[in-house]
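Structure first, then comments.
The values are calculated or read from the model by the stated rules, or taken from the named source; none is laboratory data. Just so it is clear, the structure is predicted and the values come from calculations on it, not from any experiment. All Cβ positions, glycine included, derive from the backbone under ideal geometry; neighbour counts span all protein chains shown. For the accessible areas, the whole protein counts, side chains as well, though only heavy atoms, and no ligand, DNA or RNA atoms are used. Shrake-Rupley method; radii C 1.70, N 1.55, O 1.52, S 1.80 Å.
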Amino acid sequence: MLDGEENVMPAVQNNNSVESMQSHTLIPFIIGVTGHRDPVHLQGESTTKVEIKQAIKDCILFWRDKLGDKTPIWLMSAMAEGSDLLAIQAIEELQTSGLTGATDFKIIPCLPMASKAYEKDFTAAPNEQEFGLPGFKHYLNAYQKNIIVVDEQPPINKNQQPTDESDIQLQRNYQYLNVGLFIAKYSHVLLALWDGNSSKGIGGTADIVRYKCGEHLDWCSKMIPTGLRPHSEFDGQIGGVVQHIPIVRRQSASEQAKLVELIELKHKAYTDSPYPLYVSHSSNKESNPIQTFLSNEFALLNQQIVRFNSHAELNHIDKSPAKIAGIEKGLQDTAHLFYQADASAIAYQKKYRNNLGSFIRLAAYGLICYEIMSIVLNSSFGIAFNIAILLCIFALILLIKLDKKNQTKIKYQTFRCVAEALRIRAYLNIGNVPPDVKPIIPRRYRQNWPIINYASRLAELVLWSKTVKTDMPLLKAEWLQGQIEYLDSRLQMNDKSTLKDFFYKRPKKAATLLARWSRRSFILAIFIAIALMFIQTTHVFQPLCSSLSMPWLCNPIAQWLADYNTESSLAQYTLLSVQFALMLGTVMALWQELANYQYTYNGYENLRMLFVRALYLLDKKPEKLPAEMLTELAREAMEEHTVWNHSEHQTDLIHR
């Protein structure tokens, strides 16, 4: 009987049944496990597997403390005997410990092949059966609904399937390698229960660690599925860290690994990790310049996950629109996360727009008071207007400080980034477009919005589960045609729109009209200023006209100025008109800059052209490499969104 078996199964059943709706709407923190089949004890200590299991718990608790108890933790394990099953047992014990948020822990078995074929490789000793075949069967049954089978079978010879025993064994080794690479790619933290030695054969723990740290496995790259191949040297790696738990195994390898080649995470927030954290590799002892980049990217991603989960409220999702067929089909259970991200983005966008509207109104009120005060400067009204100006200035400062504290626009952008990444990947899923090794956003923005790549990989997991049915008509109708219709609505110029739609849903129309009227206001100010100059000139030179005996010119001017003394109210009101025209043009120009209309509608026009082209090609050549085209279209769309997001961030009130 398994150690603690009587407690394990009820705990699993309860966890699966009470998994909260909230956990489905939050971004999980994914921990993967790679390790040896025969761990004995921790290095430097004469201990048992109990201490190894405690080390795994310490690591999980470390990340829970960093991410908070609102962030669900997912554990990905290949469920091989030894380290993999030990990690599952460790997280199950945390689930039953009463730890806050532990009920939202999720275990995802990732198998290299069908379970029946997999069972042949279990050889644990009788006294370690909880980490052997009985344990495997138990957990397989407990987490059946979460299983992902990474059963890519790369043939040894492209023209034929392997036939002899050596080729079959070699193929199995590559399947083990692929499942290890899969866990390394899709986990944010890879727990490596590793003795530090190089791998004896294909797909060992050292190979998986090296892959996670961005090292190329050139000797086997042709046997790895495209979506799991190592990233380019330029990328370093796509994100995440290796957390190394040094262990002693029963059968140690002879060759020692060069740990100096692994580069540690360098960030002040993670100096208290119970075990070393690695982000990259180097071919020599010199520091790799990518260390800082990857360390900051890792830390920022964790911050963005915490921001999302801390501010995602179920009352947002209650207000979300009706269910979307493509999202439901392409994301399945992850669709809840999309609806949460989309609804929260709309909620925080509305809050930011309200703040922006208040900012513009206060600025306009202050400017109006400033212009009027010049007329009543030396009266009691002048004091009142001066107080009003000061109140507007203090209110503007307070509004900016509150926005810096609440970070409303950053929250909106975070939720919108996640929603867009999930939405685009959902349609790629129903188009059966395989994951691509290239990141979906431009490299230069990885350190600004790493959550985009992370959310996209979450959606890719749905495709790996092999439960998504291809539906190209739905993809064309909802994504391509739907996006074209959406962009057309935003680029409308002649429709009769409400004032709210004009400011927030018609960027091209708003940009064109605001630019036009801002320009007209400045031109009007110039003409009024010319009139003011004429008034001033006639007043100054009227005595000169009289001395020149020019009654035909002087008499009308004298009569016109007769009603105005030196402090002519006509001149004052004319000057006030100049000031108001300039103020109006300035306010419209300021609004246009803060609303970012110009960049938005230019991006819409460029994207529309791409979607129209893609729809045309799919209709014309539906069977000719749609996956490659859709991948490129998705990357273009996500790049446009990322660049727009970056420009939006530059116009945030917090930068005023």
Check: Taking amide hydrogens as modeled 1.01 Å from N in the peptide plane, which residues meet the under 5 Å criterion relative to residue 73, leaving out close sequence neighbours?
Finding: 29, 105, 106
Next item on the list: Rounded to the nearest 0.05, what FRET efficiency do residue 500 and residue 140 give with R0 = 51 Å and r taken as the Cβ-Cβ distance? Could you check?
Entry: 0.40
Checklist line | Ranked order, 532, 499 - accessible area, probe 1.4 Å, largest first | finding: 499, 532
Notebook entry, point to check: With each label point set 7 Å from Cα along the Cα-Cβ vector, what nm distance links residue 117 and residue 325?
Noted result: 3.6
Notebook entry, point to check: Which of the peptides 431-439, 268-276, 322-330, 207-215 is most tightly packed, and how do the rest follow, judged by the mean count of other Cβ atoms within 10 Å per residue?
Noted result: 207-215, 431-439, 322-330, 268-276
Check: Which of the lysines could be linked to residue 476 by a straight reach, that is with a Cα gap under 18 Å, when you skip same-chain ones fewer than 8 residues away?
Finding: 323, 329, 620, 621, 624
Check: Taking amide H positions as placed 1.01 Å from N in the peptide plane, with prolines and chain starts having none, which residues 5 or more places from residue 249, or on another chain, fall under 5 Å of its amide H?
Finding: 40
Notebook entry, point to check: What is segment 302-398's relative contact order, in percent, from Cα pairs under 8 angstrom and six or more apart in sequence?
Noted result: 22
Notebook entry, point to check: Quick one: ranking 57, 145, 405, 351 by accessible area, 1.4 Å probe, largest first, what do you get?
Noted result: 405, 145, 351, 57
Check: Using a probe of 1.4 angstrom, how much of the accessible area of segment 398-464 is carbon and sulfur, in percent?
Finding: 50
Checklist line | Potential lengthening between residue 470 and residue 232 on full extension [0.36 nm per residue; Cα-Cα distance subtracted] | finding: 82.7 nm
Item checked: Extension gain (nm, one decimal) between residue 169 and residue 292, 0.36 nm per residue minus Cα-Cα -> 40.2 nm
Checklist line | residue 231 accessible area, 1.4 Å probe, all protein chains in place, Å² to nearest 10 | finding: 20
Notebook entry, point to check: With each pseudo-label sitting 7 Å past Cα toward Cβ, what's the residue 438-residue 519 distance in nm, one decimal?
Noted result: 3.8
Next item on the list: Starting at the first residue of segment 519-526, write each ³J(HN,Hα) from the Karplus equation 6.51 cos²θ - 1.76 cosθ + 1.60 with θ = phi - 60°, in whole Hz, x for Gly and Pro.
Entry: 5, 5, 5, 5, 5, 4, 4, 5
Item checked: Simple spin-label estimate for residue 383 and residue 269 in nanometres, 7 Å along Cα-Cβ -> 5.3
Next item on the list: Using per-residue counts of other Cβ atoms within 10 Å, averaged over each peptide, order 363-369, 340-346 from highest down.
Entry: 340-346, 363-369
Note to self: Let's test the formula: R0 of 35 Å, r as the Cβ-Cβ distance of residue 310 and residue 48. What FRET efficiency results, to the nearest 0.05?
What the structure shows: 0.35
Item checked: Extension gain (nm, one decimal) between residue 605 and residue 151, 0.36 nm per residue minus Cα-Cα -> 159.2 nm
Margin query: Which order do you get for 641, 646 if you rank them by accessible area with a 1.4 Å probe, largest at the top?
Written below: 646, 641
Next item on the list: Please check which bits of segment 73-87 a label hung off residue 41 would reach, taking the label as a point 7 Å along Cα-to-C-beta and the cut-off as backbone N under 12 Å.
Entry: none
Checklist line | Packing-based ranking, highest mean first, of 456-469, 596-609 given that Cβ atoms within 10 Å are counted | finding: 456-469, 596-609
Notebook entry, point to check: Rounded to the nearest 0.05, what FRET efficiency is calculated for residue 534 and residue 628 with R0 set to 51 Å and r the Cβ-Cβ distance?
Noted result: 0.15
